[in-house]
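These notes are about the structure you will find just below.
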Amino acid sequence: MSTLVSTTDRDVLLADERDKQQAQVLMSRLPPRGARFTVAADEDGSAVPVPGELSAIIARVVDAVARGHAVTVSAMPEELTTTAAAQLLGVSRPTLMRKIDAGELPSHKVGSHTRLRTVDVLEERRVRRQRRLAAFDELRAVEDD
């Protein structure tokens, strides 16, 4: 039986071997792309289609369980404080403020407080990670020469 560990801001699902096997069977029956899920939600038990975007999320979770990974679900607000955004990016708050002042990261004011959209911060984190990986690949190529 899977174990659900909850904290104040996230839930971690630790799947057992039975969960893993069930997820593997399900993944083997799904097309490689565009899996569609339905859920019986009506009082009469009729299936209601899950939108494509949610189906993709469900498929990623099932795939992670099939691979034996722990799954973490975390809710994030639509907007972040500068402190939370800096933590998410792994930079200091002053560094984040310099990026905002330089126009590198969009933000807006709520009263006297600076706020950032979570999607913008996550995109910045993705771009930073890609740059680091590209620099690492470049360094490795130079080393191989």
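The values are calculated or read from the model by the stated rules, or taken from the named source; none is laboratory data. If you're wondering where the values come from, they're calculated on a predicted model, not measured in any experiment. We place every Cβ from the backbone using ideal geometry, glycine too, and count neighbours over all the protein chains shown. Heads up: the accessible areas ignore ligands, DNA and RNA and are worked out on the full protein's heavy atoms, side chains in. Shrake-Rupley method; radii C 1.70, N 1.55, O 1.52, S 1.80 Å.
Quick check: anything in the range 88-95 at pLDDT below 85 and touching a Lys or Arg at 6+ places or on another chain (Cβ under 7 Å)?
No, that holds for no residue.
How do the pairs read when you match residues in the range 33-52 that are among the aromatic types (Phe, Trp, Tyr) with residues anywhere that are open to solvent by less than 70 Å² (accessible area, probe 1.4 Å) and in a loop (DSSP other than H, G, I, E, B), using Cβ under 8 Å and keeping only pairs 6 or more apart or on different chains?
Between residues of the range 33-52 that are among the aromatic types (Phe, Trp, Tyr) and residues that are open to solvent by less than 70 Å² (accessible area, probe 1.4 Å) and in a loop (DSSP other than H, G, I, E, B), the close pairs are Phe37/Val50.
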